[in-house]
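The values are calculated or read from the model by the stated rules, or taken from the named source; none is laboratory data. Keep in mind that this is a model prediction, so the values were computed, not measured. No Cβ is skipped: glycine too gets one built from the backbone with ideal geometry, and neighbour counts run over all protein chains shown. Heavy atoms of the whole protein, side chains included, go into the accessibility calculation; ligands, DNA and RNA do not. Shrake-Rupley method; radii C 1.70, N 1.55, O 1.52, S 1.80 Å.
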Amino acid sequence: WDLEAQLAGSSVWSLLRLAPPQVLTTALTVGLDTPERMGQAAERLASARLVKAKVDASAPVAQIEAVRRAVPGARLIVDPNESWDIDLLREVQPALVALEVSLVEQPLPAADDDALEGFEPSVPICADESCHVTADLARLRGRYQAINIKLDKTGGLTEALALRAAARAAGFR
């Protein structure tokens, strides 16, 4: 796409007949660590509008609490990066609501997606490792409410745009 746009003296978005790009808010990430260190790292992001906290199964609520204390005004994404099981996901639902988490990204291993069937989360769950291409959407229905689209996972811009369109049509965020 880039080469074609350069040869045409145009922009990629013009060639694709898309609206001009808009300024987007980017999530700043707090890496996985002890709750204390995660809180300290989050303090450096105090002015961020959107923060992603990487957590694991060892002390997820304490990790999230530490980040939330440091960034009380930010939208908060929690990313267990496939480290939880369905029981832990169920257990932390009240804390996710109390801590005003906006989204939980890929809490279970992709191979365990079946455990999400029929689960009604208090906070939307986003597929990351479970979603690569448009064909993945059918098996994600009833399990996830959102998907994360990455150019490297889709194989490029063309499939990423197709995935976005299909996901929106299917009701995914």
Practice problem: Would you kindly find the accessible area of T26, with a 1.4 Å probe and non-protein molecules such as ligands, DNA and RNA excluded, rounding to the nearest 10 Å²? | Solution: 100
Practice problem: Skip the ligands, DNA and RNA, and give the accessible area per residue of the chain with a 1.4 Å probe, whole Å². | Solution: 55
Quiz item: So what is the calculated 222 nm ellipticity per residue for the chain, using -39500 (n - 2.57) for each DSSP H run with n of 4 or more, over all residues, to the nearest 500 deg cm²/dmol?
Solution: -10000 deg cm²/dmol
Quiz item: Distance in nm between label sites at F119 and R44, each 7 Å beyond Cα in the beta-carbon direction?
Solution: 3.2
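If contacts are Cα pairs under 8 angstrom and at least 6 residues apart, what is the relative contact order of the chain in percent?
13
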Quiz item: Using 7 Å Cα-to-Cβ label points, what is the E4/D85 separation (nm, one decimal)?
Solution: 4.8
Self-check item: Whole-Å distance, taken between Cα centres, linking the range 82-109 and the range 112-166
Solution: 17
Exercise. Show the residues, 5+ positions off or on another chain, whose built amide H is closer than 5 Å to the amide H of E82.
Key: L108
Quiz item: Rounded if a/c is under 1.5, else prolate if a/b beats b/c, else oblate: with a ≥ b ≥ c from the C-alpha gyration tensor eigenvalues square-rooted, which is the chain?
Solution: oblate
Exercise. May I ask you to give the percent of accessible area on the chain that is carbon plus sulfur, with a probe radius of 1.4 Å?
Key: 52
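Excluding F172 itself, calculate the net charge of residues whose Cβ lies under 12 Å from the Cβ of F172, where each Lys or Arg counts +1 and each Asp or Glu counts -1. Could you put the intermediate results ahead of the total?
Numbers: positive: R141, R143, R164, R168, R173; negative: D136.
Once all neighbours under 12 Å are counted, the net charge is +4.
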